[in-house]
Amino acid sequence: MGKITVLAVGLAVSLAAADIPSPQQYLGFRPGDDFKLAGYDQVTGYFRQLAAASPRIQLLEFGKSSLGKPMYVAFLSSEENLRQLARWREISARLAQGDADPAEAKRLAAEGKAIVWIDSGLHASEVAPVQQSFDLAYRIVTGEDGETRRIRDRVILMQCPVINPDGLDWIVNWYRGNVGTPYETAPLPHLYQKYAGHDNNRDWFMLNLEETRHVTKVLYREWFPQIVYNQHQAPAFPARIFVPPYSEPLNPNIPAPVMEGINFIGAAIKERFAREDKPGVLSYLGYDAWWNGGMRSVPAFHNMHGILTETALNANATPGFYQPADFPARFSNGIPTAEPSVFYQRPWKGGKWSVRDAIDYMLTADFAILDLAASRPESFLFKSWELARAAIDNAGKSTPYAYVVPADQWDPGAAADMLHRLQLSGIRVEKARAPFHAAGKDYPAGSHVLPAAQPFRAYLVDLMEPQKYPELRTGESGATKRPYDVAGWTLPFNMGVHVDRVEDRFQADLQVEATGGIAVPPSADHRHNASFLSLADRLARGGGAWWSASGSQLESASGAAYELHKPKVGLYEPHLANIDTGWTQYLLDRYRVPYTAVKNADVTSTPLRDRFDSIILASQSMDSILHGNRDGVPAGRDRPGEGKTIQRPEFTGGIGALGAAKLAEFVRDGGTLIAFDAATELAAELFPIAVKQTNTASSGYYCPGSLLRIDVDTDHPIAFGMPKQAFAFTTGGKAWDITLLDGFNKGDREIRTVAKYASAKVLASGWLSGEKAIRGKANLVEARYGKGRVVLFGFRPQFRAQSAGTFKLILNAIYLASARKLNGGNN
């Protein structure tokens with residue numbers, strides 16, 4: 001089990017149901033009861049009791065959450081199977097990595113047990129999955145019907161009852177404090193994961209979060225389950241549950257047998273719902289199989305069957321009451337909500353819906369999956385070997401042969417970081433011990449090679465290659481189908497790493513790098529993101545730090561253009577839970593930049609310039625910054641049957657007109673306001689700076705999360721350390737025209753373009769329509785206003801903490817705001 005520690009192993013005691021507490025006996029209420037939610041200590045306490053009372057469960061700690069709570073996975077199976085747990089893991093790993101020869105693979109598949117992962121609570125506001133974890137474990141441990149006995153005999157269930165421990169307690173405590181008040185259904189006013197909130201299900205290839213890394217290790221480097229079931233709550237209304245098949249587009253890098261297997265499992269789930277007379281099952285709508293980065297999507301690139309269900313949700317444990325007359329006539333794809341179709345075979349007719357109803361639906365899906373795995377464990381196991389061998393053998397039949405990451409990188413630390421994250425996801429990384437030649441190029445020793453001949457080839461290729469999102473039409477209007485999440489995510493582009501695709505076989509003296517053996521080297525070179533860690537350490541120790549006029553870090557003031565000081569940063573933190581603010585916090589913490597959260601009252605009542613050199617506005621609309629939640633106005637979900645959602649008064653409002661005036665005063669007095677994407681509207685609209693947003697509406701411009709090429713003015717201090725051409729990730733973003741003539745563009749009205757979109761071939765990865773509207777347009781500008789300046793990013797340079805190639809732009813702006821300009825400084 002590596003570093004996983006066995007916490008509790010069931011004792012050989014009587015398995016009579018009377019000896020094992022039921023969930024209701026343990027909690028004092030039945031999971032799913034109206035207005036009741038169990039917290040993290042109750043969940044883990046119950047699983048400990050099961051493990052103490054039954055030899056059919058082993059409870060293991062496999063990591064800590066972002067706030068230090070233990071994370072558990074429970075192994076549930078027969079007593080005999082759990083005594084041989086190490087053997088079943090060995091078989092699963094050997095088959096999944098394609099190590100066995102065909103004859104051995106068949107023997108191992110016949111011997112082994114199907115491994116099924118089921119998790120709960122990734123999105124903490126989707127409360128039913130965690131609450132159903134009690135019933136699932138209890139039924140597997142105590143059930144004596146033929147189906148449950150067969151599951152225990154043939155399947156190892158890996159149940160992660162709470163995948164986001166911190167978020168569960170935040171949600172539960174918030175709800176308990178509001179039950180019975182007018183604010184009962186008010187949403188949590190902060191993120192339900194330390195940094196990422198809802199984006200904790202967008203981190204599964206970058207692995208920034210502690211929880212993501214721990215689960216990734218278990219799935220892709222230790223246990224290799226054949227089925228990974230990720231439970232959520234948000235189907236298209238009025239459906240009661242979404243079940244695969246997924247909608248188009250399907251990512252061509254996912255092996256076809258994986259998609260066929262997902263569809264097969266989805267069919268088994270739907271068949272069981274029909275057998276149990278549970279209507280409202282929807283498929284093929286909303287959740288596509290395009291993107292790579294979700295808990296249910298990354299397994300598909302690892303030859304595993306990633307299953308997503310989305311069960312209907314109300315507001316926490318408050319039930320809803322629904323009338324069919326209030327239902328929309330059609331789903332977004334034009335399919336009727338009241339008539340049977342291949343997408344929605346048995347429409348739901350309305351009525352009460354509670355957490356208990358959601359639990360019952362989830363248990364149906366659980367047992368459909370487990371029963372299917374129990375009916376064909378050998379098939380699932382052997383298929384994992386076939387997929388691994390096909391991926392390994394395919395390297396000799398198709399291209400590429402490998403990807404080479406040259407040692408001579410613009411930012412070697414970013415390259416090392418990228419390689420390390422690939423290793424964490426089970427990708428083999430090799431290092432050249434001597435120079436070699438490939439595809440007409442010479443590579444020095446120390447270069448890294450990512451061979452395509454490896455079990456998770458699909459994952460590697462998908463992250464290394466540019467995405468080309470297809471144009472699809474949907475619904476009655478025939479509008480272009482938008483991607484479920486983002487359209488492009490090419491890892492080298494995002495991280496600013498140069499990678500060469502090599503088509504043909506080559507010879508090199510290579511050794512496999514041990515996982516965790518690739519460290520980001522310390523550096524003072526401004527081209528390296530790691531230089532900001534060196535800078536932070538130097539300033540924290542009280543040492544001096546300087547930059548030259550070209551951005552070089554200096555050891556003394558001689559020849560310096562900027563004397564650097566510890567930054568005094570304010571990060572605006574609204575009452576609205578803002579994921580972009582969370583990712584900004586992550587970036588600042590990662591690079592050890594001290595900051596203070598600035599609340600609405602701080603903006604209007606404290607002398608900002610006395611406290612801060614820079615204030616950051618993460619991406620958020622101007623309207624929400626100014627007004628936030630409004631008292632008495634719905635703050636969240638407000639469907640028929642669910643009632644009004646009213647936020648508590650202390651979490652309503654924004655900075656208002658006074659706050660905007662205070663921010664303007666802060667800048668005029670010498671401060672730097674840094675704004676990302678949508679937040680730029682506030683300064684561009686309300687401050688007298690000479691920028692005007694480019695009119696993109698008439699051109700059909702749309703960018704649903706893609707990587708775009710930008711040209712960078714590397715003479716500008718904000719661009720110190722950047723290459724002249726780079727990639728920016730944007731989910732639409734802003735582009736600007738400069739409205740002052742050159743002769744007037746000086747002094748306290750000076751405005752400079754730091755970066756702009758490329759003049760041709762703007763799209764690098766993903767999808768972009770209406771490209772002509774932004775070609776050559778500014779997307780990062782610095783505008784003088786009084787004694788200070790406004791830095792406007794037309795994109796999110798810290799998007800999900802994945803776009804490491806543009807981190808320097810933020811960090812430069814922060815340190816320059818706190819720097820003292822010396823002779824030669826041009827900012």
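The values are calculated or read from the model by the stated rules, or taken from the named source; none is laboratory data. No experiment lies behind these values; they were computed from the predicted model shown. No Cβ is skipped: glycine too gets one built from the backbone with ideal geometry, and neighbour counts run over all protein chains shown. Surface areas here come from the heavy atoms of the whole protein model, side chains and all, with no ligands, DNA or RNA. Shrake-Rupley method; radii C 1.70, N 1.55, O 1.52, S 1.80 Å.
Tabulated values for the structure
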| read-out | value |
| --- | --- |
| Charge dipole magnitude, Cβ of K and R +1, D and E -1 - the chain, Cα centre, debye nearest 20 | 700 debye |
| Per residue solvent-accessible surface (Å²) - the chain, probe of 1.4 Å | 36 Å² |
| Where the Cα pairs of segment 455-516 fall when distances are cut into 5 Å bins, in % | 3, 12, 14, 20, 18, 11, 8, 6, 4, 3, 2, 0 |
| Theoretical ellipticity at 222 nm over the chain - DSSP helices of four or more residues, -39500 (n - 2.57) apiece, nearest 500 | -9000 deg cm²/dmol |
| Span from the segment 306-378 Cα centroid across to the segment 484-524 one, whole angstrom | 41 Å |
| Principal axis box of segment 785-827, alpha-carbon based, largest edge first, Å | 36, 20, 14 |
| Relative frequency of Cα-Cα separations exceeding 17 Å in segment 536-614, percent | 58 percent |
| Three-way shape call for segment 341-471 based on the alpha-carbon gyration tensor, with the a/c threshold at 1.5 | prolate |
| Environment charge of F676, counting only residues whose C-beta is closer than 12 Å and scoring Lys/Arg +1, Asp/Glu -1 | -1 |
| When each of K36/K64; K566/K821; K724/K756; K217/K383; K692/K756; K599/K662 is checked by Cα-Cα distance, pairs over 18 Å | K36/K64; K217/K383 |
| Cα gyration tensor, segment 681-821 - rounded (a/c under 1.5), prolate or oblate | oblate |
| Of all DSSP beta bridges in the chain, antiparallel share, percent nearest 5 | 65 percent |
| Summed residue charge, Cβ within 13 Å of T696's Cβ, Lys/Arg positive, Asp/Glu negative | +3 |
| Protein accessible area in segment 492-614, 1.4 Å probe - carbon and sulfur % | 49 percent |
| Order by protection proxy (mean Cβ within 10 Å, highest first), peptides 645-653, 158-166 | 158-166, 645-653 |
| Over 47 Å [Cα-Cα, the chain], rounded percent | 24 percent |
| Environment charge at P406 (Cβ cut-off 9 Å; Lys +1, Arg +1, Asp -1, Glu -1) | -1 |
| Cα-based shape type of segment 304-400, given that a ≥ b ≥ c are square roots of the gyration tensor eigenvalues and the cut on a/c is 1.5 | prolate |
| Cα convex hull of segment 239-345 - mean projected area over all directions, nm² | 7.7 nm² |
| Whole-number percent relative contact order across segment 486-556, with pairs defined as alpha carbons under 8 Å at least 6 apart | 16 percent |
| Packing-based ranking, highest mean first, of 131-141, 246-256 given that Cβ atoms within 10 Å are counted | 131-141, 246-256 |
| Percent RCO, i.e. relative contact order, over the chain, from Cα pairs under 8 Å lying at least 6 residues apart | 11 percent |
| Options G747, F795, G721, ranked by Cα towards positive dipole end of the chain, top entry (Cβ charges) | G747 |
| Derived scalar couplings ³J(HN,Hα) [segment 343-349; Karplus, 6.51 cos²θ - 1.76 cosθ + 1.60; whole Hz; x for Gly, Pro] | 7, 8, 5, 10, x, 7, 9 |
| Angle in degrees between helix 377-394 and the longest Cα principal axis of the chain, rounded to the nearest 10 | 40 degrees |
| Rg to Rh quotient for segment 572-725, alpha carbon positions, Kirkwood Rh | 1.00 |
| Relative contact order, percent, segment 320-448 [alpha-carbon distance under 8 Å, six or more residues apart] | 15 percent |
| Check: segment 306-363 dipole with +1 on Lys, Arg Cβ and -1 on Asp, Glu Cβ, in debye | 80 debye |
| Carbon and sulfur %, accessible surface of segment 242-349 computed with the full protein complex present, 1.4 Å | 57 percent |
| Karplus 3J(HN,Hα) series, Hz, for segment 434-451 with 6.51 cos²θ - 1.76 cosθ + 1.60 (x for Gly, Pro) | 8, x, 8, 10, 8, 6, x, 10, 9, 10, x, 4, x, 5, 10, 10, 10, x |
